[in-house]
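Only one structure is covered here, and it is reproduced in the block below.
The values are calculated or read from the model by the stated rules, or taken from the named source; none is laboratory data. Quick caveat: nothing in here was measured; it's all calculated off a predicted structure. Here the Cβ is made from the backbone with ideal geometry for all residues, glycine too, and neighbour counts use every protein chain on show. For accessibility, only protein heavy atoms count, side chains too; no ligands or nucleic acids. Shrake-Rupley method; radii C 1.70, N 1.55, O 1.52, S 1.80 Å.
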Amino acid sequence: MNLEEWFSWYNEILEVFGFDKEMDEKSAGILRKLLKDKNSLSPPDLIIKPNTIIFGAGPSLKRNLKELKKLKLDDFTIICADGAVTALFEEEMIPDVVVTDLDGKIEDIIESNRRGAMMIVHAHGNNIDKIKKYVPLLENVLGTTQSIPLDNVYNFGGFTDGDRCLFLAVEFGAKNIVIAGMDFGKIITRYSRPDIVGSQGLADNIKEKKLEYAKKLVEWIAKNENVMIFNLSHGEKIKGVTDIDIDYFHHNFQK
């Protein structure tokens with residue numbers, strides 16, 4: 001994504017949510033230092049296949065996982081937002097790439113990394129303590145920021161873990177992207193918010209607003225990037241994105 005275009009989104013997000021740009025930059029600087037100390041990944045280390053599946057942590061996640069795990073997915077790169085890692089583990093699946101700001105179930109994030117998943121760790125003003133605590137425990141890490149990129153902390157665009165997965169996939173050459181567990185509605189799951197009581201709950205006002213912006217960003221990608229996006233989730237209707245079912249996936253993406 002063109003950074004000038006992204007920063008128009010970013011400035012709007014700062015204003016709407018009241019985020020602190022200086023804290024975003026401070027967080028990115030801390031991540032930069034930690035990654036220099038551990039010889040982190042650079043973009044050439046990350047290989048994304050033309051066919052990619054992205055898992056969010058919405059209400060449709062488990063249904064989508066149970067459908068997809070029955071199929072042969074060797075020709076796909078599997079990317080997931082951090083909270084979705086736990087659901088993938090429950091279905092005995094390991095992602096290739098985890099996009100995280102470290103607010104999912106951290107034990108599962110670390111375990112997925114131990115089993116070979118690359119970590120795309122995102123720095124923002126509200127996760128400095130987690131970056132300091134957990135980045136030293138991770139390997140194969142590529143750092144990202146939503147603010148000014150640094151020499152080893154990159155900005156590919158994106159706001160929430162879910163839409164950042166899409167921006168990442170587009171940046172690294174994905175052409176057919178299937179999104180699963182990305183509903184963009186008012187219901188959240190324990191995968192998205194591990195601290196809620198029960199398996200699902202209502203999104204608070206901030207979370208609901210974040211999902212609205214995530215949906216807008218996905219629609220921007222669908223309109224402006226040379227990529228086809230297919231949605232297994234069947235949640236909120238997304239402009240420019242084709243809703244599909246598992247039979248469509250099987251007949252069109254399976255050799």
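Normalised by the number of residues in segment 131-233, the average gap of Cα pairs under 8 Å and 6 or more apart makes the relative contact order 28 percent. Counting only DSSP beta bridges with both residues in the chain, the antiparallel share comes to about 10 percent.
Here segment 1-131 was treated as a single set of alpha-carbon atoms; its pair distances binned every 10 Å from 0 give 11, 35, 35, 18, 1 percent.
For segment 147-235, the calculated P(r) over all alpha carbon pairs, in 10 Å bins from 0 to the bin holding the longest distance, is 15, 44, 30, 10, 0 percent.
Here the spin labels are modelled as points 7 Å beyond Cα on the Cα-Cβ line, and at residue 219 and residue 237 they lie 1.1 nm apart. Counting only protein heavy atoms and a 1.4 Å probe, segment 144-255 has 46 square angstrom of accessible area per residue. A 1.4 Å probe run over the protein chains yields, for segment 80-121, 33 Å² of accessible area per residue, whole-number rounding. Between the labelled values (1) 36, 19, 14; (2) 22, 22, 20; (3) 26, 20, 19, the entry that holds semi-axes √(5λ) of the Cα gyration tensor in Å as derived from this structure is (3). Magnitude of the charge dipole for the chain, about its Cα centre and with charges confined to Cβ atoms of Lys, Arg (+1) and Asp, Glu (-1), is about 360 debye.
Here the relative contact order of the chain, from alpha carbon pairs under 8 Å that lie six or more residues apart, stands at 24 percent. What a 1.4 Å probe finds exposed on the chain is 48% carbon and sulfur by accessible area, rounded to a whole percent. Averaging the sequence gap over all C-alpha pairs within less than 8 Å and six or more residues apart, then dividing by the number of residues, gives segment 143-186 a relative contact order of 23 percent. Pull out a ≥ b ≥ c, the square roots of the eigenvalues of the alpha-carbon gyration tensor of segment 72-214, then state rounded if a/c is under 1.5, prolate if not and a/b is larger than b/c, and oblate in the remaining case. Because its axes are fairly even, with a/c under 1.5, segment 72-214 counts as rounded. The Cα center of segment 180-239 and the Cα center of segment 51-100 differ in position by 15 Å. Once you have a ≥ b ≥ c as the square roots of the Cα gyration tensor eigenvalues for segment 17-70, tell me rounded if a/c is under 1.5, and otherwise prolate or oblate according to whether a/b is larger than b/c. Because a/c hits 1.5 or more and a/b fails to exceed b/c, segment 17-70 counts as oblate. With Cα atoms as the point set, segment 127-169 shows a radius of gyration and Dmax of 11.1, 28 Å. The amide H of residue 178, built 1.01 Å from its N in the peptide plane, has 52, 53, 54, 230 as neighbours under 5 Å, considering only residues 5 or more places off or on other chains. In order along segment 109-124, the phi-based Karplus estimate (6.51 cos²θ - 1.76 cosθ + 1.60, θ = phi - 60°) of 3J(HN,Hα) comes to 4, 5, 5, 4, 5, 4, 8, x, 6, 6, 10, 9, 9, 9, 9, 9 Hz; Gly and Pro are listed as x. Most tightly packed first, judged by the mean number of other beta-carbon atoms within 10 Å of their residues, the peptides 43-56, 226-239 read 43-56, 226-239.
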